[in-house]
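Taking it in order: structure first as structure tokens, then the write-up.
Each value in this text was obtained by applying a stated rule to the coordinates, not by laboratory testing. Keep in mind that what you see is a predicted model, and the values were worked out from it rather than measured. Here the Cβ positions follow ideal geometry from the backbone for every residue, glycine too, while neighbour counts run over all protein chains shown.
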Amino acid sequence: MFKKILIANRGEIALRVIHACKEMGIKTVAVHSTADANSLHVRFADQSVCIGPPKSADSYLNVPSIISAAEITDTEAIHPGYGFLAENASFAEICNSTGMRFIGPSPESIKLMGDKAKARETAQKAGVPVLPGSNGVVTEESSAIEIARELGFPVIVKAAAGGGGKGMRVVMEEAGFANAFVMAQAEALAAFGNADVYIEKYILQPRHIEIQLIADEKGNTVYLGERECSIQRRHQKLVEEAPSVIVDGGLRRQMGEMAVAIARSVRYRNAGTVEFLMDENGKFYFMEMNTRIQVEHPVTEMVTGIDLVKEQIRVAAGLPLSMTQDQIRVKGHSIECRINAEDPEKFTPSPGTITAFNPPGGLGVRVETAAYTQYVIPPYYDSMIAKLIVHADTRDEAIMRMQRSLDEFIIEGVKTTIPMHKKILSDPDFQKGDISTKFMERYGNPVK
Amino acid sequence: MNLKELKELIEMLRNTDISELEIERSGFKVRIRKGGDVTFPPSMPRMEYPPAAIIAPAVPAAPATAAENAVEPSRTNQIRVTSPIVGTFYRSSSPDKPSYVEVSDVVIKGQVLCIIEAMKLMNEIESESSGKIVQVLMENGQPVEYGQPLFVIEPA
């Protein structure tokens, strides 16, 4: 087992990894920018190294600085958390080649799944359904319309070089296709300097269902159930839950086994998440695979009773998984709300000093945070203040527990998204489980 | 830590502007806080600064070194040269060569003051000002972090 781990991250996830390390008797090294000198993750680590000035590019994304910090502290392994360098294949490569174990999958897996087209191909080869679409770029309108007819409307025309919701056009019926196709190409050229577009089947009310998996060095790969992350605004998740109301035992096994098949086919190691889109008829399609621990991993931990970060560390140290597939059970229901320092209506960031901080407690309530009274939220990084997670026997009880906890969560001095979460949790459709990725549109946040 | 060491620590703290010091060694932890009243008026929120920011990190140095290194330049026009990178501090280009600079040496802008080794690369750290070396704050072979004070220079 490792004697010392460096956490190449900040905020609540850095603290999360420090928790796991401390409980395993592993010494911890925190790295921080000058802006984070008074952070909790710095305070609670055994050692800390300042790696640069506030900007991420000069600190948390500064590979030489982080590797140097690992060298001067005799670090044995590096946990990248999520975001920053977590899915940076060359960072993983550099870690491993300088004798520091990267706690995550291999650089090859990261590279492969980071390429959306290759990831799709991998899923298809593993026998997993992918969202039907043109196989590659379509340049001629005449072939485009043929493909669209074959897929069946509605379809979406997407920029190949695009992302973040830009360069996309939804076409509901054939009459509007020609115009939309030309417009999408023009938009793609303007936004990305590249007019290449491809076509995909468009799902009207999709649900975002993802499968958590983990694999050890011997190739033992298990799935730990699903998470539903349909409550999103501009592709940013707000509320996540496990299990999903529309996934029963049979579907869970089916999707889980498909996720495992994808992982096995590329000899995937450590933790990962396979994301699916599900249509109104319960048909699901592979979207992408995330080769890291995710923000919302706690809801899976609450329903399965398994500490995912500890498993990541164990696996990286060469130990076998703590459990077999049949030992994994999903018990009760868990919901997570991401509480950000943002205006609850406009979602604009609201950095500043937290003057009062009182997190909720009680049975089945878990708060993951690096905030405290008098903490100054720096403007350089994400606006997350805390993750509020609840667990209860049923979904209805989990909702009540979350509402009670949101009421008791006092954060003053900055604006927070708690009022928005209260609205979501008391929404009748949410309570019925009648949700999709379009849910947040009712609160004036249109998703393109 | 015995009573004698503890007394020495307290005495040493008296002469610095460190207000709170926390030390943890295997099985032993002490926090020393300077100042009069122990109670705080309920209306005032307590400001707690994590001790890790005060003590030079990553260095298994004796507390004495840490306290000395935290001394602020005594004159306001003195300049502290801080490390621009993370690495290991060396006073000369190789073990058998003399140090680049010693206390009371006069240096000019652009002159190499030391080497910081990072990822097997030797980085020469140049002075941003001309003047006299008043203090050398780090020892040969010590690890340094970004912003770590290395030298105090009195500008010409």
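Whole-Hz ³J(HN,Hα) for each residue in the range A:215-224, computed from phi via Karplus 6.51 cos²θ - 1.76 cosθ + 1.60 with θ = phi - 60°, x for glycine and proline: what do you get?
Computed from phi, the couplings for the range A:215-224 are 9, 9, 4, 7, x, 5, 10, 10, 10, 10 Hz.
Restricting things to alpha carbons, tell me how big the range A:1-125 is in terms of Rg and Dmax, in Å.
That works out to 14.8, 49 Å for Rg and Dmax.
What is the order of A:Phe192, A:Phe409, fewest Cβ neighbours within 10 Å to most?
Ranking A:Phe192, A:Phe409 by Cβ neighbours within 10 Å, fewest first, gives A:Phe192, A:Phe409.
Highest first, please rank the peptides A:256-262, A:173-179 by the mean number of other Cβ atoms sitting within 10 Å of their residues. Please list the in-between numbers first.
On the way: A:256-262: 21.0, A:173-179: 13.1.
The densest-packed peptide leads the list: A:256-262, A:173-179.
Which FRET efficiency value, to the nearest 0.05, do you get for B:Asn2 and B:Asn77 by plugging their Cβ-Cβ distance into 1/(1 + (r/R0)^6) with R0 = 51 Å? All intermediate terms of the calculation are to be shown ahead of the outcome.
On the way: r = 42 Å, r/R0 = 0.82.
It comes to 0.75.
Could you order the peptides A:73-86, A:121-134 from most to least packed, using the average number of other C-beta atoms within 10 Å per residue? Before the final figure, lay out each step's value.
On the way: A:73-86: 22.9, A:121-134: 17.1.
Averaged packing, sorted descending, gives the order A:73-86, A:121-134.
Between A:Thr353 and A:Arg442, what FRET efficiency comes out of the Förster formula 1/(1 + (r/R0)^6) with R0 = 30 Å and r the beta carbon distance, rounded to 0.05?
Details: r = 33 Å, r/R0 = 1.11.
After rounding to 0.05, the efficiency reads 0.35.
Starting from a Cα-only point model with no solvent, please compute log10 I(q)/I(0) by Debye for the range A:207-443 at q = 0.10, 0.16 1/Å.
Log10 of I(q)/I(0), two decimals: -0.48, -1.16.
For A:Phe102, what residues show an amide H to amide H distance below 5 Å, using hydrogens built from the backbone and excluding near sequence neighbours?
A:Ile78, A:Asn96
A:Leu112: net charge of surrounding residues, Cβ under 15 Å, Lys/Arg +1, Asp/Glu -1, itself excluded?
On the way: positive: A:Lys111, A:Lys116, A:Lys118, A:Arg120, A:Lys125, A:Arg264, A:Arg267, A:Arg269, A:Arg292; negative: A:Glu87, A:Glu93, A:Glu108, A:Asp115, A:Glu121, A:Glu288.
Summing Lys/Arg as +1 and Asp/Glu as -1 gives +3.
Per the Kirkwood definition applied to all pairs of different Cα atoms, how many angstroms is the hydrodynamic radius of the range A:380-427? All intermediate terms of the calculation are to be shown ahead of the outcome.
Values: mean 1/r = 0.0841 Å⁻¹.
Over the range A:380-427, the inverse of the mean reciprocal pair distance is 11.9 Å.
Across peptide B:114-120, how many C-beta atoms of other chains are within 10 Å of each residue C-beta, on average?
Details: counts 0, 0, 1, 3, 7, 9, 2.
Partner Cβ neighbours, averaged per residue: 3.
Apply the Karplus parameterisation 6.51 cos²θ - 1.76 cosθ + 1.60, with θ equal to phi minus 60°, to every residue of the range A:98-103 and state each ³J(HN,Hα) to the nearest whole Hz, in sequence, with x for glycine and proline.
Going residue by residue, I get 8, x, 9, 6, 7, 7 Hz, with x marking Gly and Pro.
Which percent of Cα pairs goes in each bin when the distances of the range A:261-309 are cut into 10 angstrom slices starting at zero?
Each 10 Å bin holds this share of Cα pairs: 22, 42, 35, 2.
Suppose R0 equals 35 Å; then what is the FRET efficiency for A:Lys432 and A:Phe192 from their Cβ-Cβ distance, rounded to the nearest 0.05? Each step should come with its number before you reach the end.
On the way: r = 40 Å, r/R0 = 1.14.
Efficiency at R0 = 35 Å is approximately 0.30.
Mind checking the full-extension length gain between A:Ser142 and A:Arg253? Use 0.36 nm per residue of separation minus the Cα-Cα distance, one decimal, nm.
Values: separation 111, 0.36 × 111 = 39.96 nm, distance 4.14 nm.
Taking 0.36 nm per residue and subtracting the Cα distance, the gain is 35.8 nm.
Convex hull over the alpha-carbon atoms of the range A:141-201: what's its volume per residue in Å³? Don't skip to the answer; put the middle values down first.
Numbers: hull volume 3.8 nm³, N = 61.
For the range A:141-201, the hull spanned by Cα atoms encloses 63 Å³ per residue.
With only alpha-carbon atoms in the gyration tensor, what are the semi-axes of the equivalent ellipsoid for the range A:160-245, in Å, largest first?
Numbers: eigenvalues 232, 60, 32 Å².
The answer is 34, 17, 13 Å, longest axis first.
Starting from the amide H of B:Leu150, placed 1.01 Å from N in the peptide plane, find each other amide H under 5 Å away whose residue is 5 or more places distant or on another chain.
Answer set, sorted by chain and number: B:Val81, B:Thr82, B:Ser83.
Taking amide hydrogens as modeled 1.01 Å from N in the peptide plane, which residues meet the under 5 Å criterion relative to B:Gln111, leaving out close sequence neighbours?
Counting only residues 5 or more places away or on other chains, the set is B:Ser127.
Taking beta carbons within 10 Å but only from partner chains, what does the mean come to for residues A:40-50? Provide the component values of the computation, followed by the final result.
Details: counts 1, 1, 4, 7, 2, 3, 4, 7, 7, 8, 10.
Per-residue shielding by partner chains comes out at 5.
Ranking request for peptides A:426-433, A:310-317: highest mean number of other beta-carbon atoms within 10 Å first, then the rest in descending order. Mind dumping the intermediate values first?
Details: A:426-433: 12.9, A:310-317: 21.5.
Answer by packing, highest mean first, reads A:310-317, A:426-433.
Taking a cut-off of 19 Å between Cα atoms, list the aspartates and glutamates near A:Lys116, but don't count ones fewer than 8 places away on the same chain.
Filter leaves A:Glu87, A:Glu108, A:Asp196, A:Glu200, A:Glu210, A:Glu275, A:Glu288.
If you bin the C-alpha pair distances of the protein assembly as shown every 20 Å from 0, what whole percents do you get?
Per 20 Å bin, starting at zero, the Cα-Cα P(r) for the protein assembly as shown comes out as 17, 46, 28, 8, 0 percent.
With a point put 7 Å past each Cα toward its Cβ, work out how far A:Met24 is from A:Leu363 in nm, to one decimal.
Spacing of the two 7 Å Cα→Cβ label points: 3.2 nm.
If you take the alpha carbon radius of gyration of the range B:79-155 and divide it by 2.2 N^0.38 Å, what ratio comes out, to two decimals?
On the way: Rg = 11.3 Å, N = 77, 2.2 N^0.38 = 11.5 Å.
Its radius of gyration relative to the 2.2 N^0.38 Å reference: 0.98.
Would you tell me the mean number of C-beta atoms belonging to other protein chains that fall within 10 Å of each C-beta in A:67-80, as a whole number? Present the calculation step by step, with values, prior to reporting the outcome.
Working: counts 3, 13, 8, 2, 8, 13, 6, 2, 1, 0, 0, 0, 0, 0.
Mean number of neighbouring Cβ atoms from other chains: 4.
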